[in-house]
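Okay, so here's the structure we're looking at.
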Amino acid sequence: MIEIKNVTKKYGNNVALKNVSFTVNDGEIFAFIGHNGAGKTTLIKAIVGIHTFDEGDILINGKSILKDPIDCKKDMAFVPDNPELYEHMKAIDFINFICDIYEVPQEVREENITKYAKMFEIEENLNDTIDSFSHGMKQKVALISALAHDPKVLIMDEPFVGLDPKAVFDVKEVMNKMVEEGKIIFFSTHILDVAEKLCSRVAIIKKGELLKVGSMKEIKGDKSLEKVFLELEGD
């Protein structure tokens, strides 16, 4: 479970997040949506321990990201919108480096790396250096690195940007399988029709304030998620 409790984040006089609270339950795919600059990435980076915040707390499976950041991060994987990888490394070396950090046993990592590299069709590129890859290829390396240690909580910021249609389909299949196992998927996206079809719950943020949070049915009613979002953005 992810528990976001009254989180406020300021940059000088600018309030990026204002008293944000909601919960993401085990076995959920949860969409976090809002316009550019609404606070999505700020909150995501706070959840994964990259950004500090001024007030409140964030709990990952009952542990505080402020008080127990290492234990929290052991349960999580994070895929940013712009993968920041060590580009001088070969893809396989980078993935193994992440597996080393998470202490993934050799047999488990080999099985998972093989499975996901084949799924994302980059098995023939694993020995190439990352600086030779397109954005989409880098995104696939970031995804494999995140999935190889079988996280309980997967956090993604715009995960479908730059991916080809097959990879988008494969990522959605992986997400569905993970939630069947009781894991958590929390991601931001601008692709609202994907969120509507894929997610069980959703939160909408605007200018750092939470506008709506609830089940997809509760939020959109008889409308499309896109229409509800545009109406809230226009208020």
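Looking at the chain as a GNM with Cα springs under 10 Å, which of Glu123, Glu111, Glu28 has the largest mean-square fluctuation? Ranking Glu123, Glu111, Glu28 by mean-square fluctuation puts Glu111 first. Between Glu158 and Ser188, Thr189, the built amide H atoms are under 5 Å apart, and every one of these is 5 or more places off in sequence or on another chain. Expressed as a whole percent, the accessible surface of the chain that belongs to carbon and sulfur atoms is 48, based on a 1.4 Å probe. Considering only Phe186, Phe53, Phe133, the mean-square fluctuation computed in a Gaussian network model of the chain, springs between alpha carbons under 10 angstrom, is largest for Phe133.
Mean sequence separation of contacting Cα pairs (under 8 Å, at least six apart), scaled by the length of region 30-104, corresponds to a relative contact order of 17 percent. Membrane-span-like helices of the chain, defined as complete DSSP H segments with a Cα extent of 20 Å or more along the helix axis and a mean Kyte hydropathy of at least -0.5, are identified as 165-180. GNM remark for the chain: springs join alpha carbons under 10 Å apart, and the peak mean-square fluctuation among Lys223, Lys138, Lys152 falls on Lys223. This structure gives Cα extents along the principal axes in Å, computed directly, and of (i) 51, 40, 33; (ii) 50, 35, 33; (iii) 93, 52, 49 that value is listed as (i). Solvent-accessible surface of the chain, taken per residue with a 1.4 Å probe and all protein chains present: 49 Å². Stretch Phe169-Glu103 to full length: gain in nm at 0.36 nm per residue minus the Cα-Cα span? So the extension gain works out to 20.8 nm. Working from label points 7 Å from Cα in the Cα-to-Cβ sense, the Glu218 to Leu230 distance is 2.6 nm.
What number, rounded to the nearest 500 deg cm²/dmol, is the helix-based mean residue ellipticity at 222 nm of the chain, given -39500 (n - 2.57) per DSSP H run of at least four residues and division by all its residues?
Value at 222 nm, helices only: -11500 deg cm²/dmol.
The values are calculated or read from the model by the stated rules, or taken from the named source; none is laboratory data. Everything numeric here is computed off the predicted structure, so don't read it as measured data. Cβ atoms come from the backbone with ideal geometry, glycine included; neighbour counts cover every protein chain shown. Note: accessible area is taken over every heavy atom of the protein model, side chains too, but ligands, DNA and RNA are not part of it. Shrake-Rupley method; radii C 1.70, N 1.55, O 1.52, S 1.80 Å.
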